[in-house]
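I have placed the structure first, in the form of structure tokens, so that the comments after it can refer back to it.
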Amino acid sequence: MKIKTAKLLPKIDVSYSNGGIYLQRVRCGKSNCKCARGETHTAYYYFARVNGKLRKTYVRKADLEELSELVDEAKFNRDRRRTVLKEANESVRETRRYLRENKDELEKQKHEFLSQLIRDATQPLIENKAK
Ligand SMILES: [Zn+2]
């Protein structure tokens, strides 16, 4: 991320993590503009939820490209996080299912493994004692 994008931030104290840019028909309010005669024009706004409330911020044409990149990047990261989390949850579910379905076999293997460990650990002692 480029440093100069930081200049965009002060106007609204929200991260770009949950917002989107939308084109809206507007009236600018200038009395000499065509929109005063009913011909609305379009402008870009950044919409984001802040504490549950929708906030709308005008986006200057000059900032549009840069802001779009930030918003796209945030959306990409958000989607990626969601995917990773979904995969992790699925993996946990699969592991739980496996453990549940193979409980007896796993108990048996654990028991065999521990028995073998004990046999291996005590073997030399028994042999030494025998001598
Ligand atoms: Zn206007």
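Every read-out reported here was derived from the displayed coordinates using simple, explicitly stated rules and does not represent laboratory data. Everything numeric in this text was worked out from a predicted model, so none of it was measured. Cβ coordinates were reconstructed from backbone atoms using ideal geometry, including for glycine residues, and neighbour counts include every protein chain displayed.
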Please report the net charge: other residues with Cβ closer than 12 Å to the Cβ of SER68, K and R +1, D and E -1. -4
What are the ³J(HN,Hα) couplings of the stretch 27-36, residue after residue, when phi is run through the Karplus curve with 6.51, -1.76, 1.60 and θ = phi - 60°? Round to Hz, x for glycine and proline. 10, 6, x, 6, 5, 8, 8, 4, 5, 5
Greater than 29 Å apart at Cα, pairs in LYS53/LYS86; LYS30/LYS56; LYS61/LYS86; LYS34/LYS61: LYS61/LYS86
